[in-house]
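Take a look at the structure below.
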Amino acid sequence: MKISVIGTGYLGATHAACLAELGHEVIGLDTDPLKIASLAAGELPFFEPGLAELLNRHVASGRLRFTTSYEEVGAWADVHFLGVGTPQRQGEGSADTAFVEAAVTSLAETITRDALIVGKSTVPVGTAQRLRELLVRHEDPSVRIGLAWNPEFLREGFAVQDTLRPDRIIVGVDDAAHAETVKAVYAAADELGIPFIVTDFETAELVKMAANAFLATKISFINAFSEITEAVGGDIRTLAEGLGLDERIGPKFLRAGLGFGGGCLPKDIRALQARASELGHERSMRFLSEVEGINLRRRERAVFLATSMLGELRGKRIAALGAAFKPDSDDVRDSPALDVAVRLFDAGADVAVYDPKANANASQRFPRLGYADSLADAVMGADLILVLTEWDEFKSLSPDMLGALTPARKIVDARNVLVAHQWTAAGWDFAALGRKHAPVFDHVPVDA
Ligand code: UDX
């Protein structure tokens, strides 16, 4: 099929490359000419495992092209996917759908053949219906433009895998024929037996919001118990393992630590609360403000641990290991790791941040922090080390090797990836979120 993908950010660039991999002819469109030039040259403006290879393969094969021209895609494609951003509005919790509206308007003005617009962006419930009405207003009787909503559930770090083999495909439509068109796009997924659920616009929009709200709640649930294990002296990792072995609960998203960040979960739970409020159902989603409160308190706790270990932060050298909001990503949007580094800096510490991939993005956002090119440079002579993102490079840290570079031997494991007794046995002052600092018994749970 001939497919355009409007918006070539994280979602759009991944989707375009994966559609080409599925055998379609694809044009990615963005209004940013620099982004388009770099993608057309096979250069990915962000880090995502496996995506650069797909991009290069399909730019080379000619199956994937890029443009800034709506006229070009409007005259060419059968299906137009929308992958533009819906950022949080300045000073408000609600999502700004202006980019989605602008994309649909531009398509409506330039489409010259029957086509289907398929929204993938995460939007407040009711947006698709509004866009439908916008399309009707622009309708040219000689072309039929349909609309479908097909939310995207991809995770950063697994974007290619999640796009090619999603857990499920949800499609919201107001015409069954449109669901068939979307099904044809994902024919390969159908062959893999991936569930394909057809519903109305509102349910499709809400499934996405509910999924993110649930994931955020699961993380804050375990982090709330961290506050209790900290108070009474239990071990949150073992608690999570014991909980997750109940098949009804499951082990995933129970990794206690510094909490959630990134471009989706924090923004989406705020947008959901704002939308519920607009609908007169503020109470239904009020628990999400507690979910966010728990999440932010983990950062305060990490700063508190650092302060208690050092007595005074002013003038102390701190190595902040990790800046990305999660490993295998260079994304620092709403990153708990970077937020903790900034809080320590603001309290007077001399902070050296080291992240295997995210230093450049972090230093662009917070140029006032110090940045180290290697782990060794960051920890050399540090009064305290904090593990803030669970990169493999940090999970495998050895207390003896690190001790040679850091005579102060003080470490905070804010992601619960280190084995406490190994560090305390090597003479380190060790602290973690949600578990004892010098446990008699340190059960290491299986990683979920
Ligand atoms: C999320 C959703 O998972 C995805 O379906 C949606 O499309 C976009 O938002 P992503 O932002 O890539 O994906 O990250 P995810 O893997 O969900 O992690 C989100 C945050 O939660 C990260 O900061 C991560 O460190 C944190 N997290 C995750 C935990 O603190 N504990 C966990 O057990 C799992």
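The values are calculated or read from the model by the stated rules, or taken from the named source; none is laboratory data. A quick note: this is a predicted structure, and the numbers were derived from the prediction, not measured. Cβ placement follows ideal geometry from the backbone for every residue including glycine, while neighbour counts extend to all protein chains displayed. For accessibility, only protein heavy atoms count, side chains too; no ligands or nucleic acids. Shrake-Rupley method; radii C 1.70, N 1.55, O 1.52, S 1.80 Å.
When 262, 257, 322 are checked against the criterion of being in contact with a Ser or Thr (Cβ under 7 Å, 6 or more places away or on another chain) and modelled with pLDDT of 95 or more, 322 stands alone in meeting it.
Note on segment 270-290: among residues that are within 15 Å of the ligand (Cβ to nearest atom) and either open to solvent by 10 Å² or more (accessible area, probe 1.4 Å) or not assigned by TED's automatic domain parsing to the domain that holds residue 227 (or both), the one that is nearest to residue 202 (Cα to Cα) is 272. So in segment 318-370, with the set limited to residues that are under 14 Å from the mean Cα position of the chain (by Cα) and among the basic types (Lys, Arg), which one is surrounded by the most Cβ atoms within 10 Å (Cβ to Cβ)? Looking at the filtered set, the residue picked out is 326. Restricting attention to segment 230-256, the residues that are in contact with an Asp or Glu (Cβ under 9 Å, 6 or more places away or on another chain), among the hydrophobic types (A, V, I, L, M, F, W, C) and within 11 Å of the ligand (Cβ to nearest atom) total 1. Selection within segment 257-269: residues that are more than 15 Å from residue 327 (Cα to Cα) and more than 6 Å from the ligand (Cβ to nearest atom). The member of this set that is most open to solvent (accessible area, probe 1.4 Å) is 267. Just one of (1) of a type in the set (A, V, I, L, M, F, W, C); (2) open to solvent by 10 Å² or more (accessible area, probe 1.4 Å); (3) under 29 Å from the mean Cα position of the chain (by Cα); (4) away from the ligand (no atom under 16 Å from the Cβ) fails for residue 404. It is (3). Scanning segment 139-156 turns up one or more residues that are touching a Lys or Arg at 6+ places or on another chain (Cβ under 8 Å), in a loop (DSSP other than H, G, I, E, B), crowded, with 18+ Cβ neighbours inside 10 Å and at pLDDT below 95.
When you go through 247, 230, 300 one by one, which is the residue that is open to solvent by 10 Å² or more (accessible area, probe 1.4 Å), within 23 Å of residue 345 (Cα to Cα) and not polar (S, T, N, Q)?
When all the criteria are applied, what remains is 300.
For the residues 34, 39, 44, the requirement of being without any contact (Cβ under 8 Å) to a residue 40 or more places away in the chain, touching a helix residue (DSSP H, G or I) at 6+ places or on another chain (Cβ under 7 Å) and open to solvent by 30 Å² or more (accessible area, probe 1.4 Å) singles out 44. Whether a residue is within 18 Å of the chain's Cα centre (by Cα) and either of a type outside the set (Lys, Arg) or not in a loop (DSSP other than H, G, I, E, B) (or both) was assessed, and residue 81 does not pass this test. Could you check segment 1-28 and list, in sequence order, the residues that are over 18 Å from residue 42 (Cβ atoms) and charged (D, E, K, R)? Within segment 1-28, 2 is the sole residue that qualifies. Taking strands (runs of 3 or more DSSP E) as the structural unit, no element lying wholly within segment 341-443 holds at least 1 residues that are in contact with a helix residue (DSSP H, G or I) (Cβ under 9 Å, 6 or more places away or on another chain) and modelled with pLDDT under 95.
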